[in-house]
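Comments concern the structure below.
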Amino acid sequence: MFIDKITSTKSGLLLYGITPPKMETPADKVSEIAERTLSRIQGLDLDALVVYDVQDESARTDKERPFPFMGALDPFEFASQYLSALELPKIIYRPAGKFGPAEIEEWLKNLKKHTFYPIFVGVPAPDFTPKTSLPEAYALWESQQENSVLGAITIPERHAVLHDEQHRMMSKMTSGVSYFISQCVFNVEYAKQMLEDLNELCSKEGKNLPTIIFTLTTCGSEKTLSFMEWLGIHVPDNMKTELLEAEDILEKSVSQCLNIAEELTDFCLEKNIPFGFNIESVAIRKKEIEASIDITNRVSAILKGKGMR
């Protein structure tokens, strides 16, 4: 079970991430999208499904968004109403700052009823005034932590600039967080440096390392690449050149993702860092989603080859 693997810090977890349909999608179309999602996912070798919350992050940057922002359905509502046939644990993202403490407390109770697991995320822009801070949200979770695990996000790119991600992570671990899901990884060196610094801090503080789940995503077009960079994902120049000069950019991105998975697997095994992978597609194009399914199967094979699944 997912929760057992997290609490025992067992490596080799495999997750798949989705976003709910757009908010204005008619109910019958939502059902169709859910059915397609179920048919893609049900045969995969997964430990849990991640259901993201979509926020408008345009205020955090002055760069033009490559794709227009469109709000999505609430991830808890979508998962509970349309994905109940999928017998997998579900990890539900929630921007704590957009909701008051009473709303979050009720949401946590509903998660527990469905055996869903929370990940709280921060505010969409620095000047956003939160109704509930992350520490406050974590404190609310503490009263409901029985038979649950709390996750958080981590951003290697932020560590490359501020060099303090390990301290952010330690603070969240002190509040009950036992695993982290990263932003999409294309710069392996950023991820490795973050892990090295976290490992050193945990050793110094006498703390066990949390499970780190690395997100991998497909890139099927130049526009998707621009969107990834707009989101803050750092794609090294040599990888970007490979993508833009490839005959098939999507095929090249799949190859890059698998290389990243291999490299991070070997690194984490060598350093005894509990880890896993979360596969997604940042674009909604059918080909990119299908490629993400292919990556999931092939990452599963990599982990099986190392005796972890």
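Please treat every number below as a calculation from the coordinates, not as lab data. From a predicted model like this one, the values you see are computed outputs, not experimental measurements. Because the Cβ atoms are built from the backbone with ideal geometry, glycine has one as well, and the counts that use them run over all protein chains shown.
The protection proxy used here, the mean number of other Cβ atoms lying within 10 Å of each residue, ranks peptides 211-218, 110-117, 185-192 as follows, highest first: 211-218, 185-192, 110-117. Express in whole angstrom the spacing between the alpha-carbon centres of the range 175-205 and the range 6-65. Cα centres, the range 175-205 to the range 6-65: 23 Å.
Were the residues from GLU290 through ASP237 laid out at 0.36 nm apart, the gain over their Cα-Cα distance would be 16.5 nm.
You can think of it this way: the chain between ALA301 and ASP266 has 11.2 nm of extra reach, that is 0.36 nm per residue less the Cα-Cα gap. Among beta bridges identified by DSSP and lying wholly in the chain, the antiparallel ones come to about 5 percent. For the range 294-309, putting each phi into the Karplus relation 6.51 cos²θ - 1.76 cosθ + 1.60 with θ = phi - 60° gives couplings of 4, 4, 4, 5, 6, 5, 4, 5, 4, 5, 5, x, 9, x, 9, 9 Hz, in residue order, rounded to whole numbers and with x for Gly and Pro. Using R0 = 22 Å, the C-beta based FRET efficiency linking THR115 and GLU77 works out to 0.85. Loop-located GluC sites (Glu not before Pro) in the range 69-118 (DSSP state not H, G, I, E or B) with no more than 16 neighbouring Cβ atoms inside 10 Å: GLU87. Working note: Debye formula, equal point scatterers on the alpha-carbon atoms of the range 1-158, no solvent; log10 I(q)/I(0) at q = 0.11, 0.19, 0.20 Å⁻¹ is -0.48, -1.36, -1.45. The residues packed around LEU198, meaning those with a beta-carbon under 12 Å from its beta-carbon, carry a net charge of 0 if Lys and Arg are +1 and Asp and Glu are -1. For the range 2-305, the alpha-carbon radius of gyration amounts to 0.95 times the rule-of-thumb value 2.2 N^0.38 Å expected for a compact globular protein. Note on GLU142 and SER203: with the Förster distance fixed at 41 Å, the Cβ-Cβ geometry gives a FRET efficiency of about 0.95. Using C-alpha pairs below 8 Å separated by at least 6 residues, the relative contact order for the chain is 20 percent. Using a simple spin-label model with pseudo-atoms 7 Å out from Cα toward Cβ, HIS167 and ILE3 lie 3.5 nm apart. Compute the whole-percent fraction of alpha carbon pairs in the range 14-56 spaced more than 16 Å apart. Result for the distance tail: 43 percent. Site pair GLU196 and ARG40 shows an inter-label distance of 3.6 nm when each label is modelled 7 Å from Cα along Cα→Cβ. In summary, the aspartates and glutamates within cross-link reach of LYS252, defined as a Cα separation below 19 angstrom excluding same-chain residues under 8 places away, comprise GLU222, GLU229, ASP237, GLU242, GLU262, GLU263, GLU280, GLU288, GLU290, ASP294.
Separation of the range 227-304 and the range 68-130, taken as the distance between their Cα centroids, equals 26 angstrom. Step through the table entries LYS29/LYS287; LYS204/LYS306; LYS5/LYS192; LYS22/LYS306; LYS5/LYS223, compare each Cα-Cα distance with 31 Å, and write down the pairs that go over it. From the list (LYS29/LYS287; LYS204/LYS306; LYS5/LYS192; LYS22/LYS306; LYS5/LYS223), the Cα-Cα distance tops 31 Å for LYS22/LYS306; LYS5/LYS223.
For the pair THR174 and GLU106, label points projected 7 Å from Cα toward Cβ lie 3.3 nm apart.
Of the trypsin sites (Lys or Arg not before Pro) in the range 8-109, the ones in a loop by DSSP (not H, G, I, E or B) with at most 11 other beta carbons within 10 Å are LYS63.
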